[in-house]
1. Restrict the search to region 1-50; then list the trypsin sites (Lys or Arg not before Pro) that DSSP places in a loop and that have at most 16 other Cβ atoms within 10 Å of their Cβ.
2. Which length gain, in nm to one decimal place, applies between Tyr10 and Arg70 when the Cα-Cα distance is subtracted from 0.36 nm times their residue separation?
3. Efficiency by 1/(1 + (r/R0)^6): what FRET value for Val39 and Ser91, r their Cβ-Cβ distance, R0 = 41 Å, to the nearest 0.05?
Amino acid sequence: MGRMTIRATYALDSETDHRIRSLAKQWDVSQAEVIRRSVRAAVEQNSQVLSPRDVVQRYAKGPLPRSRTRTREVVRALRSWRHEDDKRRASPRAR
């Protein structure tokens, strides 16, 4: 790791602050290191863009690694967003 030369200040909600402190204690590292590791992991995860073929192959292998409860929550949220969008498009202002 290189020399730390950038200092930044961020406003966090109390839950995020608690999670950072908890991870720092659990991993026995500084809070800054928790943030560095988390950002690195997020970038690596998002850089794994799947091709349409990869997506089809993934779904062909079996269900997503998600509980039924979580799947239902996702479906409800997507339906809600779709209905809100339908209402927005149907309003006179949207035309």
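None of the figures in this text is laboratory data; all of them are computed from the coordinates on show. Note that the structure is a prediction, hence the values are computed from the model and not measured. So basically every Cβ, Gly included, is an ideal-geometry build from the backbone, and we count neighbours across all protein chains shown.
1. Qualifying residues, ordered by number: Arg3, Arg7.
2. Numbers: separation 60, 0.36 × 60 = 21.60 nm, distance 3.06 nm.
Taking Tyr10 through Arg70 to full extension adds about 18.5 nm, to one decimal.
3. Details: r = 40 Å, r/R0 = 0.97.
Taking R0 as 41 Å, the efficiency between Val39 and Ser91 is 0.55.
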